[in-house]
1. Points 7 angstrom from Cα along the Cβ direction at residue 9 and residue 62: gap in nanometres?
2. When only C-alpha pairs under 8 Å and at least 6 residues apart count, what is the relative contact order of the chain, in percent?
3. Output wanted: per-residue J couplings in Hz (rounded whole) for the range 80-94, from phi through Karplus 6.51 cos²θ - 1.76 cosθ + 1.60, θ = phi - 60°, x for Gly and Pro.
4. List the residues whose amide H sits under 5 Å from the amide H of residue 56, counting only those 5 or more places along or on another chain, with H placed 1.01 Å from N in the peptide plane.
5. What order do 31, 22 take when sorted by accessible area (1.4 Å probe), most exposed first?
6. Per residue of the chain, what 222 nm ellipticity follows from adding -39500 (n - 2.57) for every DSSP H run with n ≥ 4, rounded to the nearest 500?
7. Compare 58, 49, 88 in a GNM of the chain, Cα atoms joined below 10 Å, and give the one with the largest fluctuation.
8. How long, wide and thick is the range 1-81, going by the Cα atoms along their three principal axes, in whole angstroms, largest first?
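The values are calculated or read from the model by the stated rules, or taken from the named source; none is laboratory data. Just so we're clear, the structure is a prediction, and the values are computed from it rather than from any experiment. Don't worry about glycine lacking a Cβ; one is built from the backbone with ideal geometry, like all the others, and counts go over all protein chains shown. All accessible areas refer to the heavy atoms of the entire protein, side chains included, with ligands and DNA or RNA removed. Shrake-Rupley method; radii C 1.70, N 1.55, O 1.52, S 1.80 Å.
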Amino acid sequence: MPEYTISTQSGNDWPDLPAGDLSSHLLPKSLQCKIVNDSGALIFRTGQATVSVSWELAGTWYLDIEGPESSGFADLIAAEIAQQLGEATGEQAVHYKVTD
């Protein structure tokens, strides 16, 4: 089960995103996704994967991807979420794979 963190390249904390509307900023636009939950954490399905995006630590978003078709697909999801998060907040985002 791949897990990732997303933080700002500068090390600054992320600007706030409105609760209850995480999908408008974090849902990968290039993939067909079905939202499961969009409140305190964003949970969605894409392909065979179930993805959870949550605010875990100060300055860090956490992604948990369960059941992806491949490691490459999980990496694509994480990269796109990081890019969109950066665009939504005006920060340069970097993502790191924690586990596979």
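1. 2.6 nm
2. 40 percent
3. Result, ordered by residue: 5, 4, 4, 4, 5, 5, x, 5, 5, 10, x, 10, 7, 9, 10 Hz.
4. 62
5. On the way: 31 35, 22 10 Å².
Ranked from most to least accessible, the order is 31, 22.
6. Theoretical 222 nm ellipticity from helices: -7000 deg cm²/dmol.
7. 58
8. Taking the Cα atoms of the range 1-81, the three principal extents are 33, 24, 20 Å.
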